[in-house]
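The structure appears right after this line, and notes come after that.
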Amino acid sequence: MELYPPFFMAHDIGTTGDKATLWDSVGSLVASHVAKYATSHPKEGWAEQEPRDWWLAFVTATRELMKTANISPSEVEAVSFSGQMMGCLPLDRDGEPLHPAIIWMDTRSIKQAEVIARRIGETDYYRASGLRLSPTWSLPKIMWMRDTKPEILERAYRFLQAKDFIVAKLTGKFVTDYSDASLSGALNVKEAEWAFEMLEELEVPADKLPEIKPSTFIAGELGTDMAEYLGLAPGTKVVIGGGDGPCATVGAGAVEEGVTYNYIGASSWISVCTSKPLFDRKMRTFNMWHLDPKLFTPAGTMQMAGGSYEWLRTVMCESEDSISRVLGSSAYEVMNLEAQNIPPGSGKLLYLPYLMGERAPWWNPHARGVLLGLSRTHNRGHIIRAVVEGVFFNLKLVLDAFGEMGYKPEEMRIIGGGAKDRLWREIACNIYGVPLLPSSRPEEATSLGAAIAAMVADGTLKDFGEANRLVRFTERIEPNADLVSKYEKMQKLFVKAYTNLEPIFRDLADLGL
């Protein structure tokens, strides 16, 4: 494969690890490396990571990329980033962490979200921030830190997101970009600045939030010592990039009004590219800034998509790890093969994928996972398939919400790790009822978006509109009309199941056991 320098390095500081990639100037993947790290769950609903693990993963992945690519460090024009959003990481003036990072899936700040509801009002908050009120945003997490660990708030110089922590380590700049800021819950989505009046009302010090820059902002260049440590050249540009959602938007080629895509990873979302924020009267969806400052990428995100599958493997399919090693495949591939033998509908078994509460469409931190309809005739294959179907039943509700707002896609682009498997693609296509376009590099789409931000920053690309010539798809999958009809019937029962169980979820939360 012929390569075209200069090269652009992208690091996606994700939930399970740093998914690092190296791209040439025409969008060809040169090298990739994943450096993993762990998530701890000290209590129910809590999820934390060590920022030092992010840094170690970044260093390891950078060195491995350069070793694998076998190119001159001087040919790497820039390093750019995407990262998990909605975190809460307090740093001191020296950029040292004062507490483990509270990550996106953490819901410990339910009481603080309730305070926002009382003082601001859910509807006014939605109109101001573009977000449905939730304990998953950064703002209530910062309030939790203030209420439970005031000494840390006092010492904190800035609260940053995952990618911004790495940028601070590299450049000494404490900054974020508009896309990452848009899911903090503290941004005025229409004015593109921190919501200062709201922060004052909530007694959150705005001066502890970072300066906001465009995703193409060059935060600095690598100094000699840091460059040598990483195996890169002095002067390599450090581009701030964006949050993983907006980076995925660009990596999916959603850079024009109305283009819709679905990302399937640990969490999953459906998003559409728009020229203005979308405000849903039922507040099911929320608004993110696009990497392109002229665009938005409204979305509906669920908490546990691939995360449900990971949980299932851990609690029910551990033996697949040993089987997969013998077969030379992954445990998930073995699970998929088992599910393929089960007819669509999973023997009338329904799965509600709410292991960590839920964001879109219900916005209920008390919701919990359910397997409904189990009988003696069901086996493990039925459960595996039901989990996959349950994930897409939930996402279909997000798709329907966009339809009600006038965005009914003629086709859907699909990216993320869950897009690799044909079973997942076919189930998604038939539940959504629209043709799917799978990305040729589904797991690297987010990193490609970050790399494109660097290409725009240095002038290799004129603007984000040119991203489409770097994005490629493998096929077009058409829905089966009979299966679409069958899944529509199950979808109605899925909604009915949640609606009837909703008060029980609240009772369980209040049980006090």
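The values are calculated or read from the model by the stated rules, or taken from the named source; none is laboratory data. Please read these numbers as outputs of a predicted model, since none were measured by experiment. Cβ: placed from backbone, ideal geometry, glycine included. Neighbour counts: every protein chain shown. Surface accessibility is based on the protein's heavy atoms, side chains included, excluding ligands, DNA and RNA. Shrake-Rupley method; radii C 1.70, N 1.55, O 1.52, S 1.80 Å.
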Next on the checklist: Using a 7 Å offset from the Cα along the Cα-to-Cβ direction at both Glu2 and Ser485, what is the distance between the two label points in nm, to one decimal?
Outcome noted: 5.3
Item to check | Pairs from Lys237/Lys396; Lys163/Lys462; Lys173/Lys408; Lys149/Lys276 whose Cα-Cα separation, in the structure shown, is over 31 Å | outcome: Lys237/Lys396; Lys173/Lys408; Lys149/Lys276
Checklist outcome for this item: Label model pair Arg422, Asp507: point-to-point distance (7 angstrom along the Cα→beta-carbon line) in nm is 4.6
Next on the checklist: As a test question: what accessible area, to the nearest 10 Å², does Glu475 have when a 1.4 Å probe is rolled over all protein chains in place?
Outcome noted: 60
Checklist entry - Accessible area per residue, 1.4 Å probe, Å², for the chain: what's the number? => result 39
Item to check | Gyration tensor (alpha-carbon) shape descriptor, the range 265-414, a/c threshold 1.5 | outcome: prolate
Checklist outcome for this item: Checked the range 371-513 with the C-alpha gyration tensor, a ≥ b ≥ c its square-rooted eigenvalues, rounded below a/c of 1.5, otherwise prolate if a/b is larger than b/c and oblate if not; verdict prolate
Checklist entry - Taking all protein chains as present, what is the carbon and sulfur share of the accessible area of the range 358-492, in % to the nearest whole number, probe 1.4 Å? => result 46
Checklist outcome for this item: Between (1) 0.98; (2) 1.14; (3) 0.93, the structure-derived Cα Rg over 2.2 N^0.38 Å is (3)
Item to check | Förster radius 30 Å - calculated FRET efficiency between Glu404 and Glu44, Cβ distance, rounded to 0.05 | outcome: 0.30
Checklist entry - By average Cβ neighbour count within 10 Å, what is the ranking of 307-314, 350-357 from highest down? => result 350-357, 307-314
Next on the checklist: Taking the Cα centroid of the range 397-453 and of the range 163-231, what is the distance between the two, rounded to the nearest whole Å?
Outcome noted: 29
Checklist entry - Which whole-number percentage describes the relative contact order of the range 1-115, with Cα contacts under 8 Å and a sequence gap of 6 or more? => result 29
Checklist entry - Relative contact order for the range 383-465: what is it in percent, counting Cα pairs under 8 Å that are at least 6 residues apart? => result 27
Checklist outcome for this item: Phi-derived 3J(HN,Hα) across the range 5-15 with the Karplus relation (6.51, -1.76, 1.60, θ = phi - 60°), rounded Hz, x for Gly and Pro, is x, x, 10, 10, 9, 10, 10, 9, 7, x, 6
Checklist entry - Largest first, how would Leu483, Leu397 line up by accessible area (1.4 Å probe)? => result Leu483, Leu397
Item to check | Over the chain: helical MRE at 222 nm, DSSP H runs n ≥ 4 each giving -39500 (n - 2.57), nearest 500 | outcome: -12000 deg cm²/dmol
Checklist entry - Amide H to amide H under 5 Å from Val76: which residues, 5+ apart in sequence or cross-chain, H placed 1.01 Å off N in plane? => result Phe7
Item to check | Length added when fully stretched, Glu211-Glu75, from 0.36 nm per residue minus Cα-Cα | outcome: 45.9 nm
Checklist entry - Which distance in Å, rounded to a whole number, links the C-alpha centroids of the range 51-99 and the range 232-246? => result 9
Checklist outcome for this item: The answer for Ala31, listing residues at least 5 apart or on another chain whose modeled amide H is closer than 5 Å to its amide H, is Leu22
Checklist outcome for this item: Of the accessible area of the range 26-93, computed with a 1.4 Å probe and all protein chains kept, carbon and sulfur make up a percent value of 49
Item to check | Heavy-atom accessible surface of the range 130-202: percent carbon and sulfur, 1.4 Å | outcome: 41
Checklist entry - So how do 364-371, 126-133 stack up, highest first, on mean other-Cβ count within 10 Å? => result 126-133, 364-371
Item to check | Contact order relative to length of the chain, as percent, for alpha carbon pairs under 8 angstrom and 6 or more apart | outcome: 15
